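**Student:** The structure's right below; bear with me while I get my questions together.
The values are calculated or read from the model by the stated rules, or taken from the named source; none is laboratory data. Source: prediction; values computed, not measured. For neighbour counting, all protein chains shown are included, and Cβ atoms are generated from backbone atoms with ideal geometry for every residue, glycine included. Heavy atoms of the whole protein, side chains included, go into the accessibility calculation; ligands, DNA and RNA do not. Shrake-Rupley method; radii C 1.70, N 1.55, O 1.52, S 1.80 Å.
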Amino acid sequence: MLPLLIGLVFAAVMQLVVKPNIGDYPAKLVLDIGIAISLAVSLTMVNGFTGQFSMGHAGFLAVGGYAAGIVTYYGSQRIWGDRATHGGILSGRPLAIDPATLPLVGHGDWLFLAALVVGGLVAALLGFLVGLPSLRLKGDYLAIVTLGFGEIVRVMIQQTNATLKPQDIAWEEVYPALPRPAGVEAVASYAFDVIDPATKLGRTVYQAVSDTPAWDVLTHVGGSLGFTGIPKYTSLFWVYIVASITIFAAFRLKQSTFGRAFLSIREDEVAAEAMGVNTTRYKVWAFVISAFFAGVAGGLFAHTLGVGLSAETAGFLKSFDIIIMVVLGGLGSISGAVIAAVVVTVLPEALRDIPQYRLIIYALALILIMIFRPKGLLGTHEIWDRAVWKRVRRRGGSEPGKAKGGSSP
Amino acid sequence: MDTFLQTLKDALAIGSLYALIALGYTMVYGILKFINFAHSDVVVLGAWGSLVLSRWLEARTGSTWTTDTPAPAYIGLLVLLAAMVFCGLVGFTIERLAYKPLRKAPRLNVLITAIGVSLFLQNTGQLESLFGNRPRSIPALLPDQTLVSIGRVNVTTLDVVGLGTAVALMVLLEWLVFHTKMGRAMRAVSHNTTTASLMGVPVNRVISFTFVLGSMLAAAGGFLWSLKYQQIGQTADTSWTLLGLKAFVAAVVGGIGNVRGAMVGGLAIGSLEMFGCAYYKSSMADVYVFGVLIVVLLFRPGGILGKATIEKV
């Protein structure tokens, strides 16, 4: 539990001490880094530990983001009747309220946490479905299926209903056939653009919110216009808590029987099978766990200020970004993924004057690393496994081999 | 009926394009066993190469080529051949610089390198000094005359030339692979690289040849694409990547590594997409394609014409 406590303290320090002192723009960058870390580490579980090549990670990110967004967007309107943030000090953005009267964790934060969990679970369910083909598919076939999955998610999101916000519409427009009750002027309604089958002309129809069944309301997530208006709960605190939990889970996973099975599949699937490892089961599990954390990160992403959650979130460009982090860091190295997530997120800032060269540099880096360091910068090892640190530890007087912190094979 | 015929025409046109591009994927996969992600970018280079050359020729001859006053026929042929040579060279260079050092590396590494090459080509092409980051249109190289009308469906010169070129190239490839010495060498390397090299087949030369061949077909695909749509998206436009992915799906559905399978798969995917769009929802086109990929991979992983492979230890 100690690492989690450290994570908690670190996240609290980030939110309460670091954020007020670095300004809004750097704070946003630090926040992006945190989300990128969660994503990269979660992808490491599939691509790094299990050696399966998933190229649809952004699909899980988007699904988790949309699911979490639905929970807070509609939940907030149900509970408080508005879409403002009802968070505490830790989620950051108290609007016009005196900070002294704010609780540490507000009611809205609990809703937000529930939303993150829902996002993770929905993504995990999809991870199960995507993992199933790994029964029969290997290597690049699986890669292309996961890529196809991400694309399907993207198109499906575009198909959802673009109508988000109910408007107040005059009674006569909504119920032309019904007499207007006294005192009722307007009805909260969704506007739909439909094509009249008889005249082939488009027209707008209104449907009262009270007449729309819940499952139908839930498909109102902005369609191709993007899901806007989600309350912005994501703060440095929540981002780094999630990042800590993801990293912690990844380390524990790598150490566990479960994780050893993952690693054995990566090293030699046939041999693992011969040793009695149920490879199919573990591969599906790897997808489920990885998708869960990606979904939670998606929830964070959806609730970030200044982020437009849209169908493009599930596109392959986003997936490629995450893959680049994992490959740069080393397939299987958790600390490598963390470092690469930081570098890849900060790099665009460093290259802000020449943005058109950013992806060219990434591309060249990918090719050169694959040719000269085929296992990524850190390979499957963690950064403290490197010889230089071992030497430092030995000089420090501790016994070689009993060095602390070596939580990797 | 008109809808059916129109859709059939569209399906043939797009299907033959998919098939041309799918051939490049399938030949490389057959020999090196990896998805050449950069293949779709070679298609893009073919399209942009055609555009730049035809614009240059247009300026050079001091004429404007529109659909009413198109370029003379030999210009189109010249542009096609030049694009094919250019892309052949690009394909050769890519293979030498990026893939050859990884001949013994795990397949995933090669796949990642291919993604890197793809990103590199996409973003280098977008530089202002090269093609820029805006879509441009290609001058008309063919007249847009209606040759035959069936019902309300018009078959234009463009349709005939497009389909004709694609079919001619595929027949040529079929002959090359199955009736020449080089083709036999390609099939031998595809079957078993080590044995082929022991038998005196120059493996590296065969692989280079395969890349050049695939890239030339990709160039033809890009050329035909630009004739058909005129407007050419910037090199990093996601529609290109999607085009490449669909062509790859076509290769997988037809049976990857199988030249005839790529042709069958291209037509199958083109028909599926076009008929799905015409008779159901056009915005779901990508879902049909990737959905059918998943179904085919689950129930017949070898594809329509492929045969199942058993992994040996």
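**Student:** Determine, yes or no, whether B:Leu77 is within 15 Å of B:Leu224 (Cβ to Cβ) and open to solvent by 70 Å² or more (accessible area, probe 1.4 Å). Write out each step before concluding.
**Tutor:** Numbers: within 15 Å of B:Leu224 (Cβ to Cβ): yes; open to solvent by 70 Å² or more (accessible area, probe 1.4 Å): yes.
Yes.
**Student:** Which condition number in (1) under 22 Å from the mean Cα position of the chain (by Cα); (2) more than 14 Å from every other protein chain (Cβ to nearest Cβ); (3) surrounded by 15 or more Cβ atoms within 10 Å (Cβ to Cβ); (4) outside any loop (DSSP other than H, G, I, E, B) is the one that B:Val155 fails?
**Tutor:** In the conditions (1) under 22 Å from the mean Cα position of the chain (by Cα); (2) more than 14 Å from every other protein chain (Cβ to nearest Cβ); (3) surrounded by 15 or more Cβ atoms within 10 Å (Cβ to Cβ); (4) outside any loop (DSSP other than H, G, I, E, B), B:Val155 misses (1) alone.
**Student:** What number goes with the only condition from (1) in contact with a Ser or Thr (Cβ under 8 Å, 6 or more places away or on another chain); (2) open to solvent by less than 80 Å² (accessible area, probe 1.4 Å) that A:Leu225 does not pass?
**Tutor:** (2)
**Student:** Moving on. Yes or no: the range B:100-110 includes at least one residue that is more than 12 Å from chain A (Cβ to nearest Cβ) and either of a type in the set (A, V, I, L, M) or surrounded by 18 or more Cβ atoms within 10 Å (Cβ to Cβ) (or both). Outline the logic, then answer.
**Tutor:** Of the residues in the range B:100-110, the ones more than 12 Å from chain A (Cβ to nearest Cβ) are none.
Checked the range B:100-110: no residue is more than 12 Å from chain A (Cβ to nearest Cβ) and either of a type in the set (A, V, I, L, M) or surrounded by 18 or more Cβ atoms within 10 Å (Cβ to Cβ) (or both).
**Student:** From A:Gly139, A:Gly87, grab the single residue that is modelled with pLDDT under 85 and crowded, with 24+ Cβ neighbours inside 10 Å. Working first, answer last.
**Tutor:** Numbers: A:Gly139 fails: crowded, with 24+ Cβ neighbours inside 10 Å.
Exactly one residue qualifies, and that residue is A:Gly87.
**Student:** Let me ask something else about it. Sort out which residues of the range A:98-156 are closer than 21 Å to A:Glu312 by Cα and of a type in the set (Phe, Trp, Tyr), and write them in order of number.
**Tutor:** Answer for the range A:98-156, where residues must be closer than 21 Å to A:Glu312 by Cα and of a type in the set (Phe, Trp, Tyr): just A:Phe149.
Let's see how each residue does on (1) in contact (Cβ under 8 Å) with a residue 12 or more places away in the chain; (2) farther than 30 Å from B:Pro139 by Cα; (3) within 12 Å of chain A (Cβ to nearest Cβ):
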{"position": "B:Ile207", "(1), (2), (3)": "yes, yes, no"}
{"position": "B:Thr238", "(1), (2), (3)": "no, no, yes"}
{"position": "B:Thr241", "(1), (2), (3)": "yes, no, yes"}
{"position": "B:Gly254", "(1), (2), (3)": "yes, yes, no"}
{"position": "B:Gly265", "(1), (2), (3)": "yes, yes, no"}
{"position": "B:Ile269", "(1), (2), (3)": "yes, no, no"}
{"position": "B:Phe290", "(1), (2), (3)": "yes, yes, yes"}
{"position": "B:Leu305", "(1), (2), (3)": "yes, yes, no"}
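**Student:** Continuing with the same structure: I'd like to check something: does the range B:51-65 contain any residue that is open to solvent by less than 50 Å² (accessible area, probe 1.4 Å), of a type in the set (S, T, N, Q) and farther than 27 Å from B:Leu245 by Cβ?
**Tutor:** Yes; the residues of the range B:51-65 include at least one that is open to solvent by less than 50 Å² (accessible area, probe 1.4 Å), of a type in the set (S, T, N, Q) and farther than 27 Å from B:Leu245 by Cβ.
**Student:** Restricting attention to the range B:111-128, does a residue exist that is of a type outside the set (Lys, Arg), open to solvent by 40 Å² or more (accessible area, probe 1.4 Å) and more than 7 Å from chain A (Cβ to nearest Cβ)?
**Tutor:** From the range B:111-128, those of a type outside the set (Lys, Arg) are B:111-128; that's our starting set.
So of that shortlist, the ones also open to solvent by 40 Å² or more (accessible area, probe 1.4 Å) come out as B:120, B:126, B:128.
Checking the rest, the ones that are also more than 7 Å from chain A (Cβ to nearest Cβ) come to B:128.
Yes.
**Student:** When you check B:Ala168 against the structure, is it away from chain A (no Cβ under 14 Å), farther than 28 Å from A:Ile144 by Cα and modelled with pLDDT of 85 or more, yes or no?
**Tutor:** Numbers: away from chain A (no Cβ under 14 Å): yes; farther than 28 Å from A:Ile144 by Cα: yes; modelled with pLDDT of 85 or more: yes.
The answer is yes for B:Ala168.
**Student:** Go through the range A:266-276 and give me each residue that's at pLDDT 90 or above and surrounded by 18 or more Cβ atoms within 10 Å (Cβ to Cβ).
**Tutor:** Passing the criteria: only A:Ala272.
**Student:** Do you know which residues across the range A:336-364 are open to solvent by 20 Å² or more (accessible area, probe 1.4 Å) and in contact (Cβ under 8 Å) with a residue 40 or more places away in the chain? Let's see the steps before the verdict.
**Tutor:** Within the range A:336-364, the subset open to solvent by 20 Å² or more (accessible area, probe 1.4 Å) is A:338-339, A:342-343, A:345-359, A:361, A:364.
Within the range A:336-364, A:Val338, A:Ile339, A:Val342, A:Thr345, A:Val346, A:Glu349 meet the criteria.
**Student:** When you check A:Leu129 against the structure, is it away from chain B (no Cβ under 14 Å) and open to solvent by 50 Å² or more (accessible area, probe 1.4 Å), yes or no?
**Tutor:** On the way: away from chain B (no Cβ under 14 Å): no; open to solvent by 50 Å² or more (accessible area, probe 1.4 Å): yes.
No; evaluated as a whole, the condition is false for this residue.
**Student:** Right, another one. Provide a single number: the residues in the range A:203-228 that are over 18 Å from the mean Cα position of the chain (by Cα), part of a loop (DSSP other than H, G, I, E, B) and closer than 20 Å to A:Arg83 by Cα. Steps first, please.
**Tutor:** Our first condition is that a residue be over 18 Å from the mean Cα position of the chain (by Cα); within the range A:203-228, this holds for A:203-220, A:222-225.
Retained after the next criterion (residues that are part of a loop (DSSP other than H, G, I, E, B)): A:212-213, A:218-219, A:222.
With closer than 20 Å to A:Arg83 by Cα added as a condition, the list becomes A:212, A:218-219, A:222.
Adding up the residues that qualify gives 4.
**Student:** Out of the range A:296-335, which residues are free of Cβ contacts under 8 Å to residues at least 60 places away in the same chain and away from every other protein chain (no Cβ under 14 Å)?
**Tutor:** Selection gives A:Val307, A:Ser335.
For every residue, the table says whether it meets (1) closer than 19 Å to B:Leu20 by Cβ; (2) in contact with an Asp or Glu (Cβ under 8 Å, 6 or more places away or on another chain); (3) open to solvent by 40 Å² or more (accessible area, probe 1.4 Å).
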position	(1), (2), (3)
B:Val167	yes, no, yes
B:Arg184	no, no, yes
B:His191	no, no, yes
B:Val206	no, no, no
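**Student:** Next up: In the range B:8-57, how many residues are within 12 Å of the chain's Cα centre (by Cα), more than 20 Å from B:Gly261 (Cα to Cα) and of a type in the set (Gly, Ala, Ser)?
**Tutor:** 3
**Student:** Residues to consider are A:Ala27, A:Ala36, A:Ala40; find the one that is touching a Lys or Arg at 6+ places or on another chain (Cβ under 7 Å) and either modelled with pLDDT of 85 or more or surrounded by fewer than 24 Cβ atoms within 10 Å (Cβ to Cβ) (or both). Give the derivation first.
**Tutor:** Working: A:Ala36 fails: touching a Lys or Arg at 6+ places or on another chain (Cβ under 7 Å); A:Ala40 fails: touching a Lys or Arg at 6+ places or on another chain (Cβ under 7 Å).
Testing whether each residue is touching a Lys or Arg at 6+ places or on another chain (Cβ under 7 Å) and either modelled with pLDDT of 85 or more or surrounded by fewer than 24 Cβ atoms within 10 Å (Cβ to Cβ) (or both) leaves just A:Ala27.
**Student:** Please work out if A:Arg358 is in contact with a Pro (Cβ under 6 Å, 6 or more places away or on another chain), within 24 Å of A:Ser38 (Cβ to Cβ) and at pLDDT below 90. Outline the logic, then answer.
**Tutor:** Numbers: in contact with a Pro (Cβ under 6 Å, 6 or more places away or on another chain): yes; within 24 Å of A:Ser38 (Cβ to Cβ): yes; at pLDDT below 90: yes.
Yes.
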